[in-house]
1. Would you confirm whether or not the range A:105-115 contains a residue that is closer than 25 Å to residue A:9 by Cβ, more than 9 Å from every other protein chain (Cβ to nearest Cβ) and in contact (Cβ under 8 Å) with a residue 40 or more places away in the chain?
2. I need every pair where a residue in the range B:134-149 that is closer than 10 Å to residue B:98 by Cβ has its Cβ under 9 Å from the Cβ of a residue that is open to solvent by 10 Å² or more (accessible area, probe 1.4 Å) and β-branched (Val, Ile, Thr), sequence separation at least 6 or different chains.
3. How many of the residues in the range B:206-225 are of a type in the set (Gly, Ala, Ser) and within 7 Å of chain A (Cβ to nearest Cβ)?
4. Output the number of residues of the range A:152-181 satisfying the condition of being over 14 Å from the mean Cα position of the chain (by Cα) and hydrophobic (A, V, I, L, M, F, W, C).
5. Does at least one position in the range B:3-13 carry a residue that is free of Cβ contacts under 8 Å to residues at least 40 places away in the same chain, assigned to a loop (DSSP other than H, G, I, E, B) and either under 22 Å from residue B:164 (Cα atoms) or not small (Gly, Ala, Ser) (or both)?
6. When you look at residue A:215, is it open to solvent by less than 40 Å² (accessible area, probe 1.4 Å) and modelled with pLDDT of 95 or more, yes or no?
7. Name every residue in the range A:129-158 that is open to solvent by 70 Å² or more (accessible area, probe 1.4 Å) and closer than 15 Å to residue A:53 by Cα, in order of residue number.
8. For the structure I just gave you, tell me whether residue B:260 is open to solvent by less than 70 Å² (accessible area, probe 1.4 Å), within 30 Å of residue B:115 (Cα to Cα) and more than 14 Å from every other protein chain (Cβ to nearest Cβ).
Amino acid sequence: MALAPNMPKSWRAETKPHKFCPGCGHGLVLKALGECIDELNIQDRVVFGCDIGCSLLSWDFFNVDSIQTHHGRTTPVLTGVKRARPDRICIAYMGDGGGYAIGSQHLVNAASRNEKITVILVNNCVYGMTGGQMAPTTLPGMKTETSPYGRDVELTGNPTRGPEMVAAITPPSAYVARGTVANLRQLKKMIKKALETQMNGTGFSFVEALSLCPTNWRTNAKETWGFVEKEMSQFFKVGEIKVPESKEGK
Amino acid sequence: MADKPVKGEKRFFVTGNEVVAWAALAANAEIMYGYPITPQNEVMHYWTRLAPKYGRRFLQTEDEISAGFTTVGGVLSGARAFTATAGPGNTLMQESMSMAEMMQIPTVVVVQQRGGPSTGTVIYSQQEVTMTCFGGNGEGFRVVYSTGSHQELYDYVIKAFNTAWKYRIPTFVLGDGYQAKMRESLIMYDPEERGIQMVPTEKIVGASGVPGVDREPKHLRNTYNTEEELYKVVGDLAKHYWQVAPEIEEYEEFDCADAETVIVAHGVVTRAAQGAVKELREQGKKVGHFRPITLRPFPKKAMEKAIQKAKEILVVESAEGQLAKIVKAEIYGSDIPITGYFRPGMGITAEEIVEYILNKG
C-alpha cells in the first residue's frame, strides 16, 4: 500500500510540527479538512476562523487566510465575512465549549438562519485548554476537574447532542453529520460534503468530530481509543443526520 | 438600481436615526449588522428600507455580541461595515470592540445613549461615555466622536468610516436618545461632491491569489504566548494611537479667551452650554465653554489653552461625572478647581446652567 502524502498541500509547512498535545485529535481533523480543501481546490477562497480553547492553536495552521476570534464568537465572525463576501468559503472551527456553551446562541441562530457557512466542531468531552473542566459534552458519570465525582446529570443535565439539535432547526437544504477521528475516511467525506453544501449555496453545514484528549482524560493510547470508540460513540451516534435533498428530486 | 443615495445638497427635517442611515448610505457603507434596541431601532428601519435600492445589505443578528462580531467579520473581508446600538447592547458589543482594538479592525459603531445603569430608560443619557471610550478588557485605543446635532450626526458618521479605515482604529459615533428621536433640519450631501474622498477599504482577509503560493496567508490573532510578545504588540498599538491622536482630536470653544468660568460639556449638552454662555455674557459674566468633540482621543492641549484664564471649571453632563473623570485625568496638575453639574439620565437646559452658575455664587 502506498503511503499517503505526509501533509495536505493547504497545510503550512513552516508551522509544523503543530502545537497540539501528543495524541490530540485536532491534527487528524485538520488533516481531513486540509485534504478536502486540496481536493475541492478552494485554497484561494477559504476564510478559516478558529475559536478560543485548543482550536486556537490552528490560527496559523493552513496556507489560507485565518482569523483567530474570541471564545464562542467564531460563528458570528465567519457569518459576517460570508454575508459581506458570499464568494468566500467560510469555515468556523471550534470546540464543544465554544459551540455548545459560550457560543451556543450563535450556533443555534446561524443554523436557524441557514447561514451558508461550514461549522466544524471538535467534541472531546472536556475543556482542554483550560485544564479539563466539565464541558456540555462531558458524558454522564465522567470525571473532570469540575465534576471530580463524575458528572451528575441530575445536577448538570445531559450532554449536548449538537448535530441532532442543529438538524432539528435547519431546513432540508442543510448538511449535518457526526464523524469521528476513529474513522478518518468517513470524517473526511463528511467535511467534504459540508463544504460542497456551502459551495452549492444551499444551506448551513455542520460536522461534529468526536475527538481525543488523552492529556485531560488521563488515558494511555489504548484507553484513549477505547473511550472514543466505545463510550463516546455509544452516546454520540456517528453518521449523517441530514443530507441536502437532491435538486433533481428522488 | 438607483445611483447615488444623496445627490447635490438637500435640506431635510428628519430624526437622527434616519440621518445615520442616510449618512452610512452616502458614505458607501456596504452592510449593516444590527440587533433591535431602543433608541437606535430606526437606524435599522431606514437602512433596511433604503439599502436594497442601492445594493447594500443587512443582517439582523441574534444579539449584540453577534452584531459586533459579524461587523468585525464584514470589516475583515473588506466591506465598509457598521452597526448601531445603545445601553445594554453597547455593553455586549464591548467584547467584539476589544478584539477590534487589538487587531486594528476598522469597525464603525453608532451609539445612541439611553438611561442607565442596567436597562435604565429608553430615553436619553450621557452615561455610556466611560464604556464607549474605555470598555472591554482594553486600553481605550478607540476614536469616539460625540455629536451634538443632526448635521453633526451626518458629518461624523461619514467621517467615522474614513477615520476608522485611515488609521485602522475602531471608531464610535456617540449620539443619544434625543438626537436619535428628535427631528431637526440638516443638509445632506454627497461626500464626494464636497471634496470628501472616502478612504478605500481593503480585503484584510480574502484578497485574490492562492495564499502560500501567490502571496503570504493572513494569519490574524489576538492571543499571544508570552508577556514580552504581548507587550510588544500593545506597545505598537499605543505608539500608533498616540502618534495619530493629534490629527484626530477635535473640539470647539466658545468665549474661552478671557473666561473665568469654563463650562465643559459634550454631545447634545453643548447646546445648553452655548446658550448659557450667551446669556451669562449678556449679564457681563466672564463665562466660556469648551466642548471636546473627540472624547477619545481627548483634545488635551486645546483644553489646557482654553482654561488659561479660568478660575473654575464646571463640567456639565447627563451622567454622574463620567466626562468629569476624563477631564480631571487630562488636566492633571492644573490647580483650577473642578466642580460638576451632574444630571444622570436627565436632559439639561441652558436656563438650568445659568441658574446653577448664578446661584452657586
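1. Start the filter on the range A:105-115 by keeping residues that are closer than 25 Å to residue A:9 by Cβ, which leaves none.
Scanning the range A:105-115, I find no residue that is closer than 25 Å to residue A:9 by Cβ, more than 9 Å from every other protein chain (Cβ to nearest Cβ) and in contact (Cβ under 8 Å) with a residue 40 or more places away in the chain, so the answer is no.
2. Close Cβ pairs (under 9 Å, with a partner that is open to solvent by 10 Å² or more (accessible area, probe 1.4 Å) and β-branched (Val, Ile, Thr)) amount to B:135/B:91; B:139/B:234; B:141/B:234.
3. Step one: filter the range B:206-225 for residues of a type in the set (Gly, Ala, Ser), giving B:206-209, B:212.
Cutting the leftovers down to within 7 Å of chain A (Cβ to nearest Cβ) gives us B:206, B:209, B:212.
Matching residues across the range B:206-225 total 3.
4. 7
5. Initial filter on the range B:3-13 (free of Cβ contacts under 8 Å to residues at least 40 places away in the same chain): B:3.
Pick out the ones that are also assigned to a loop (DSSP other than H, G, I, E, B) and you get B:3.
Now restrict to residues that are either under 22 Å from residue B:164 (Cα atoms) or not small (Gly, Ala, Ser) (or both): B:3.
For the range B:3-13, residues free of Cβ contacts under 8 Å to residues at least 40 places away in the same chain, assigned to a loop (DSSP other than H, G, I, E, B) and either under 22 Å from residue B:164 (Cα atoms) or not small (Gly, Ala, Ser) (or both): present.
6. On the way: open to solvent by less than 40 Å² (accessible area, probe 1.4 Å): no; modelled with pLDDT of 95 or more: yes.
Answer is no for this residue.
7. Selection gives A:129, A:130.
8. Details: open to solvent by less than 70 Å² (accessible area, probe 1.4 Å): yes; within 30 Å of residue B:115 (Cα to Cα): no; more than 14 Å from every other protein chain (Cβ to nearest Cβ): yes.
No.
The values are calculated or read from the model by the stated rules, or taken from the named source; none is laboratory data. Because the structure is a prediction, the values reported are computed rather than measured. When we count neighbours, we look across all protein chains shown, and the Cβ atoms used for this are built from the backbone with ideal geometry, even at glycine. What goes into the accessible areas is simple: the full protein's heavy atoms, side chains included, and nothing from ligands, DNA or RNA. Shrake-Rupley method; radii C 1.70, N 1.55, O 1.52, S 1.80 Å.
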